[in-house]
Amino acid sequence: GYRSIVTSINNTYERITDHGIWSYRGRISVQVCTFGIGSGVCIFTESASLEAKANIFGGNWVIGIHSVGNNNTQFIRVDNQNQFNIVGSLWEFGVLVERPQALFGTHCTIEHNTFTVGGSVKDFTCITLLDLVDASDQADIAWNIININSTSVPNYGIGARMGNSDNLLIEENVLTYGGVGINTFGGFGIVLAPVDPFVQNASQGHVVRHNTVTGPSAVDLGPLHCAIHSELVQGIDYCDNDVDYSRWGMHFKSDCGDVSLRQNHMHHHTIGLYISGLTSNDMPGIGKQFGRGNTWNMAPNDCIEWAVNHDVPGAFVITSLFRVPEFTSPPFRFYPLSTKISPNPTFPGPNVNWFRELAVDTDYCAPSLEAEPLRQLTAYEKQLVDGLSPYNGTVLDDLKQRAYIKLLLHPELRPSGSPEASFFNSLANTTISSFGQVIQMMGSSLTISSADQLLFDNYNTSAQQAADSLMAWDATQDYSSTNNLTETWFANRIALLQQMASSAANLASLETSRNAQVSANLQNVLAYNTAISTSQTYEAARKTLYDIWLRRLLQEPMDSTYYQQIIALAQQDPASAGQAVRSAANFVAPCDLFLFPYYDGAVEERGPALTQEGKTIGLAVFNITPNPSSGLVEVSWSPGMATSFVVMNVYGQMVHSTELASETRNLSLDLSKLSSGLYWSVLLDNKGHRIGVKALSLNH
């Protein structure tokens, strides 16, 4: 429907290749429906409020519920016992939702759903919440049951990708990985990461609590790689989570800022709590890790390598503070064994505050014990502001850009006369400040005025009151005979319907004017970004990323030229183009995400490729020359573990395939029969794992 109010109850949708239900700029309620054989999207909404309750999703669709373009959407509710039975090979997402922005009192809930994943499903995510800019109203992902027993992980349970957004609550979810998919190292339970680290760096109010994530008993070879993984996302409180039988229990990577860890329980892992920092593709900076009442099961082999591994290279000394409970009954005082802590705390020393007893056993998750995480500069951003940063190249460029945007968006962080104010002022009239303006203008474009908010609230209240009046009146009527349907009955009913229609018309008019204003504002931001002059690869990549982002917010159609722009950026080298490369992968079509090592973490996070015997072989050194090419190419790689070489177009369709002998190290090909354009060239091992990916440009 288009601008419609649609209700679908007790219907069955089968043999559909596009959308089972589609709604654009309206309201849709889907209840007790069954989605059987199909190959598209069961429920697709764009800029539309959505309510999905007690539906059954089966068959072999691509996405169960996909909701996008929610800049002005009033609510998204996927709750009340939706069942997802995922076994087909086409499945990519169960629920994929863009959180409504901070407009019209929006709210988003994904609660009380069940996901059963089996068969040979891989690269599938049960729940993904995507924030674009400045989502501040609360979003809940809660009380979901996820059971993954697929033979072809990686599979992801719950993923949230945020953009300077606040108040995400992930609680009371139960995720279980079964005993299949051994030797895969692929699955992630709960994953939090930014849409772009430049805008997701000053958030607050996120809570991850009371979740249970469990893998099978084979820790080293099991399918659950990381139970809870957080990367480049700040302002999160992790409280009373149970993680058991995964390679890594809880992993905080790159700049997570100061992290609050309270009363979490980490048992049976290769590494229970893993805190890791800078690599060549990461933003620097792990803040202090505040831990209270966390426990590790230290029976033999329960933590195979480390209970805690604090692996943050660089010049900045990290001093974490973990407090452990003191019990009056077994297990009495608890510390991880010193042989299971890296680096081993010394007394005194830089890690002297890693572990400290508390004399009283306390409820460490009591809200009063912890203040809400505040927006602040991270340790490495503060280091930069003070002129002490040891970094250079694109890592330093990224760090400068991110710190500047944070100080721009939050003036309270740069009081007059402070080093922060001096740093901020020193970057005036630079490309860094221009890109900062793009982010600020983007957020302002999506902000509703107080006058429009008041109008919307009044219209919405009137519409709800009219609907309640109609229902109350209808309940008093006698429909046992058509003789009761008199002229008076029709007149009363028409009057009540007119009240509803009037409020709905006012809401539609306000929405139309609001959408027009948002579009005009975003077009102005796009024009401003287009006019920015760049001289470096790094700057050009960031400008391209913001162009892509703005066109997405403007809901421009994804034509082949636009899509090739996204893919071309996502395939650049982060060493020269910076974090924009990784951010661009967030806009790639779901069917192509597996080609990007930067989407769900670095390559080692997705898990290594494995031989049939389960030994790690890693990624190949992979070259194509010349590139761009007129069609004749030379392909070379090492080590010699590849068994096939394939070429795919930007839509993921295979257009060339060559089987390789085990001793082959190079290949000469004539691809001149393919049309000019951008292609993927992919090396696969004998298990079908990707061990090398290169973009290939053909220009006849």
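The values are calculated or read from the model by the stated rules, or taken from the named source; none is laboratory data. Since we're looking at a predicted model, the values are computed, not measured. When we count neighbours, we look across all protein chains shown, and the Cβ atoms used for this are built from the backbone with ideal geometry, even at glycine. Ligands, DNA and RNA are stripped out before the accessible areas are found, and what is left, the full protein with its side chains, is counted by its heavy atoms. Shrake-Rupley method; radii C 1.70, N 1.55, O 1.52, S 1.80 Å.
Some points to look at:
- Any chance Arg27 is open to solvent by 30 Å² or more (accessible area, probe 1.4 Å), within 17 Å of Thr73 (Cα to Cα) and either among the polar types (S, T, N, Q) or free of Cβ contacts under 8 Å to residues at least 60 places away in the same chain (or both): yes
- Selection status of Ile9, touching a residue at least 24 places away in the same chain (Cβ under 8 Å), farther than 25 Å from Gly118 by Cα and open to solvent by 40 Å² or more (accessible area, probe 1.4 Å): yes
- Sole residue being in a loop (DSSP other than H, G, I, E, B) and modelled with pLDDT of 85 or more, chosen from Leu388, Leu396: Leu388
- Of residues in the range 481-512 being small (Gly, Ala, Ser) and modelled with pLDDT of 85 or more, the one farthest from Arg27 (Cα to Cα): Ala491
- Search result, residues across the range 459-502 that are exposed (fewer than 13 other Cβ atoms within 10 Å of the Cβ) and of a type in the set (S, T, N, Q): Thr461, Gln464, Thr476, Gln477, Ser480, Ser481, Thr482, Asn483, Asn484, Thr486, Thr488, Gln498
- Restricted to the range 552-601, the set of helices (runs of 4 or more DSSP H) holding at least 2 residues that are aliphatic (A, V, I, L, M), within 28 Å of Ala520 (Cβ to Cβ) and at pLDDT 80 or above comprises 560-570, 580-584.
- Residue list for the range 223-266, restricted to those being under 18 Å from Pro194 (Cα atoms) and open to solvent by 10 Å² or more (accessible area, probe 1.4 Å): Gln234, Asp237, Asp258
- Tallying residues that are open to solvent by 80 Å² or more (accessible area, probe 1.4 Å), free of Cβ contacts under 8 Å to residues at least 40 places away in the same chain and assigned to a loop (DSSP other than H, G, I, E, B) within the range 660-674 yields 3.
- Here the condition is being in contact (Cβ under 8 Å) with a residue 60 or more places away in the chain, part of a helix (DSSP H, G or I) and closer than 28 Å to Gly235 by Cα; of Phe456, Phe435, Phe424, it holds for Phe435 alone.
- Summed over the range 30-48, the residues that are open to solvent by 40 Å² or more (accessible area, probe 1.4 Å) and under 19 Å from Gln83 (Cβ atoms) give a count of 4.
- Restricted to the range 1-49, and to residues there that are under 18 Å from Trp61 (Cα atoms), outside any strand (DSSP E or B) and among the small types (Gly, Ala, Ser), the residue that is modelled with the lowest pLDDT is Ser39.
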